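The values are calculated or read from the model by the stated rules, or taken from the named source; none is laboratory data. What you see is a predicted model; the values in this text were computed from it and never measured. Heads up, the Cβs are rebuilt from the backbone with ideal geometry, glycines too, and the neighbour counts pull from every protein chain shown.
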Amino acid sequence: MWVYQKKLQYPVNIKKKDLKFAKQLVTQYGGFAGELNAALRYLNQRYTMPDDRGKALLTDIGTEELAHVEIISSMLYQLLKDATVEELKANGLASHYAEHKKGLFPTDANGVPYTTAYFATTGDPLADLSEDMAAEEKARVVYQNLIDLTDDPDILAPLLWLRQREIVHFERFKELYDFYKEQGL
Amino acid sequence: MNNYMLDDNLMPFINMGIEDSNPNDFYGPYEGYIKGNMTKSLYTPYKNYKPAELIPTNEKEELLLNLNQVQFAMHEANLFLDNYPNDQFMVNDFNKYKKMYNELLNDYESKYGPLFVNNEYMNKVPWKWDQRPWPWEGSN
């Protein structure tokens, strides 16, 4: 089971609306390298990890990814909340408004809705952990691309922080992969 | 050093377990938290970007920042220990932060409302859980 904590893992306080950036940032909610995809991937793969290390690590990183979904969602909410319909139209978000008003919806930066086809569960720990390492690297790159697209310090702070989490998670998955490889799995 | 920057100097310690971690390779909780990474050798900045300094503007924010940084230090130890369950230094580290966390959590919830629904201070109406602020609303 899970227990909700009524706070963010890292604070989000965005003072300026930025609709153009929100349209790009949404990919880290519902895109291939997004946090929702990461959470579902690890929480699905954990059941067939071969030992307690793997079951613990995928549970704990998968849980942290849910907290990252909340950080990205908070950023999107704050970037959009003061926008008028005219501003949404002028910034390429008319189609978002038509379907969702200012509600959040997991898509990539092109508006393609999230799909579970973005991840795999093979049931093989080496194959699954290789995918997990690649996923962390892809998310790191997308965070870097997003950092390149803004100069608002309120947006940069959580993006830099989340990028660093990808680096830590990659390392933990790699350690586990190397351990299983040594064990001859 | 401000009082929201908790204990950035780790005390010397005696490692009694099987060693996987290098105790000199860890940031203190404030620095590790703002960086998003407790391990010095893993920290890799992007271009010339520096992590944001988190500066609380009132007692509530200061307490929450303290809580977040020790919780983050515990979480980082947790992930490490998942892979290296025999690392006594890291277990000690986890417990050191856990003790601070328990005190900070109790302090915060007693003053500023629940972070967990099952806290000690839910015995009056109105029901405190459904009161602002919600985490995504920010402090503005």
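In table form, for the structure just shown:
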read-out	value
The one condition in (1) touching a Leu at 6+ places or on another chain (Cβ under 9 Å); (2) more than 14 Å from every other protein chain (Cβ to nearest Cβ) that residue A:113 fails to fulfil	(1)
Positions within the range B:84-107 being touching a residue at least 40 places away in the same chain (Cβ under 8 Å) and in a helix (DSSP H, G or I), in sequence order	B:88, B:89, B:90, B:91, B:92, B:93, B:97, B:100, B:104, B:107
Pair list, Cβ < 8 Å and 6+ apart or interchain, from the range B:108-122 residues that are at negative phi to residues that are modelled with pLDDT under 95 and acidic (Asp, Glu)	B:109/B:120; B:110/B:120
Residue satisfying condition, being more than 9 Å from chain B (Cβ to nearest Cβ) and surrounded by 15 or more Cβ atoms within 10 Å (Cβ to Cβ), within set A:127, A:135	A:135
Qualifying residue in the range B:110-127 (condition: part of a helix (DSSP H, G or I) and within 21 Å of residue A:2 (Cα to Cα))	no
Hits in the range A:24-71 - residues which are within 17 Å of residue A:109 (Cα to Cα) and among the aromatic types (Phe, Trp, Tyr)	A:29, A:32
Helices (runs of 4 or more DSSP H) lying entirely in the range A:88-185 (those with 2 or more residues that are without any contact (Cβ under 8 Å) to a residue 40 or more places away in the chain and either touching a strand residue (DSSP E or B) at 6+ places or on another chain (Cβ under 8 Å) or closer than 22 Å to residue A:13 by Cα (or both))	A:125-148, A:153-182
Pick from the range B:39-64, criterion of a type in the set (A, V, I, L, M) and within 8 Å of chain A (Cβ to nearest Cβ), ranking: nearest to residue B:111 (Cα to Cα)	B:64
Residue check for residue A:15: more than 11 Å from chain B (Cβ to nearest Cβ) and touching a residue at least 24 places away in the same chain (Cβ under 8 Å)	no
Enumeration of residues in the range A:167-178 that are more than 7 Å from every other protein chain (Cβ to nearest Cβ) and surrounded by fewer than 23 Cβ atoms within 10 Å (Cβ to Cβ)	A:170, A:174, A:177, A:178
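So that you can scan it fast, the table gives a plain yes or no per residue for (1) at pLDDT 95 or above; (2) more than 11 Å from chain B (Cβ to nearest Cβ); (3) assigned to a helix (DSSP H, G or I):
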| position | (1), (2), (3) |
| --- | --- |
| A:37 | yes, yes, yes |
| A:40 | yes, yes, yes |
| A:47 | yes, yes, yes |
| A:54 | yes, no, yes |
| A:61 | yes, no, yes |
| A:64 | yes, no, yes |
| A:70 | yes, no, yes |
| A:75 | yes, no, yes |
| A:83 | yes, yes, no |
